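To keep things clear, I will list the structure first and then write my remarks on it.
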Amino acid sequence: MKHIEMIIDYITDGTDYQYNDNHGILTRCCDCQYYDTGMNPPECTSDDGLMYPDSDEYCSRAVRK
């Protein structure tokens, strides 16, 4: 089975969590089309992305390959 991570929104009263909304799949840098492993160190080629991200980081500009 393939492992994916989701962006889930919860509401809390400080002691308990209640599901509110699912915002979709979280895309890590290693799975993003802007993550260029041909550079040393790897770089993000998105105009608004992180400059030198680790492969397990993520940002709001990520686009899954």
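What follows is calculated from the coordinates using simple rules that are stated; it is not laboratory data. Quantities reported herein were computed from a predicted structural model and do not represent experimental measurements. A quick note on method: Cβ atoms are made from the backbone with ideal geometry, for glycine too, and the neighbour counts reach across all protein chains shown.
When each of D48, D54 is scored by the number of other beta-carbon atoms lying within 10 Å, the sequence from fewest to most is D48, D54.
R0 = 22 Å: FRET efficiency of D36 with R64, Cβ-based, nearest 0.05?
E between D36 and R64, to the nearest 0.05, is 0.90.
For the options Y17, Y34, Y52, a Gaussian network treatment of the chain with springs between C-alpha atoms closer than 10 Å singles out Y17 as fluctuating the most.
Here the relative contact order of the chain, from alpha carbon pairs under 8 Å that lie six or more residues apart, stands at 28 percent.
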